[in-house]
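Everything on this sheet refers to the single structure shown next.
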C-alpha cells in the first residue's frame, strides 16, 4: 500500500470534512477516494471518520492521527526538496535571507566568519524583508533567515533573539544634535522616516507604538527602502529617522536615545525540520556577528512590552 499517498488523501478529507470537496482538491473522483480511506482504515485497524448522509467528522483516532500524518507528509516533502537540490547541484549551498538595513560591515563580517567556519559550503544571500523571508522559509526557497520580530514564527525554530538599540538621525545643524543623547519626546512635531511596513509589519508597528508611549507622535510617517532616501528626507530638516548606529551618514548626525527605549529585535530562523549542520552553523555564526559587529544584546537586557499590530496608512507626504 502507498502509505504516503493514502495519508495525503486522509489529510485532505480531514481538512475539508467533505469527500466531494476533498476529491476535487486532489483531482480525482470521489469513489476511489472513499475506497482509499477505507483501505487506510483497514491497514491501521481503526475508523478515522464518522460518516453520515449530512456530514463527515473525525473520530478520536482520526484526530490523533492527523498531526502525525501532516508531520510525515512534511518530512516527505523535505526529502523530495533535498533530492531535487542534489539533482540540480545545490548540495553544499546555504540560502540565507537578510534584512536590507543590516549594514555592509555586518554582512561582510558574517560572510567572512561563515567561510572560516564552513569553507566546504557556498553561501547564497538574498536581501529581503521579514514578511517575504517567512514565506520563503515555508516554501523551502530559503534555508535560514535573519528576521525582525515580532512576526509569525509558526513552524520555525529560532536562534537567540537579540535587541539592537536605535538612535535618531538628525540634520547636522539640528539643535537636538548638540546634546550627547536625545529624549524621544523631544522629537514631538517632527516627521519620522522608517523602513517600509510591508517588509516587517510587526517591527514597524512595534516602533511606532513605542514612540507614542514615549511621547513622540510623528506628524507624518515616511517609508524609505534605501538609506540614502532616508538621509535625503532627514537633510531637509523636518524629518528624523530611527536607525542603528552607523559610521558615516554624510551631512547628518546620529545621537543615541536617552534610556535606549527603542530597539529592533532580531534572530535567525529556520524550518523546524531543516535544522541540520549547515543551518545550525550559519545561525551560530550570525548570532556571534550580530553581537560583536552590530552591538546587539540578548533580549533579556531589554524590558518586555506588549505589541499591538494595526493597519498602516502607507507612505504619508
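Just so it is clear, none of the values below were taken in a lab; they were calculated from the coordinates. Everything numeric in this text was worked out from a predicted model, so none of it was measured. Using ideal geometry, Cβ is built from the backbone for each residue, glycine included, and neighbour counts are taken over all protein chains shown.
Quick notes on this structure:
- Segment 163-262: mean projected area of Cα convex hull, nm²: 5.8
- Between 273, 50, 120, the residue with the greatest mean-square fluctuation in the GNM of the chain (Cα pairs under 10 Å linked by springs) is 50.
- In Å, descending, principal axis extents of the Cα set of segment 3-87: 48, 25, 19
- A viscosity of 0.692 mPa s and a temperature of 37 °C, combined with the Kirkwood radius over Cα pairs in Stokes-Einstein, give a translational diffusion coefficient for segment 37-154 of 183 µm²/s.
- Average Cα contact separation per residue, the chain, under 8 Å, 6 or more apart, as relative contact order %: 21
- Annotation: the residues 296, 1, 28, sorted from fewest to most other C-beta atoms within 10 Å of their own C-beta, follow the order 1, 28, 296.
- Ascending count of other beta-carbon atoms within 10 Å, so fewest first, for 270, 254: 254, 270
- Stretch gain in nm, segment residue 139-residue 54, where the contour uses 0.36 nm per residue and the Cα spacing is subtracted: 27.0 nm
- Per-selection metrics, the chain (Cα): Rg and Dmax in Å: 25.0, 80
- At 1.306 mPa s and 10 °C, Stokes D of segment 93-169 from Kirkwood alpha-carbon radius, µm² per second: 117
- 0 to 90° range, to nearest 10: angle between helix 60-87 axis and the chain longest Cα axis: 70
- Relative contact order of segment 163-262, taken over Cα pairs closer than 8 Å and 6 or more residues apart, is 51 percent.
- Ascending count of other beta-carbon atoms within 10 Å, so fewest first, for 83, 53, 267: 53, 83, 267
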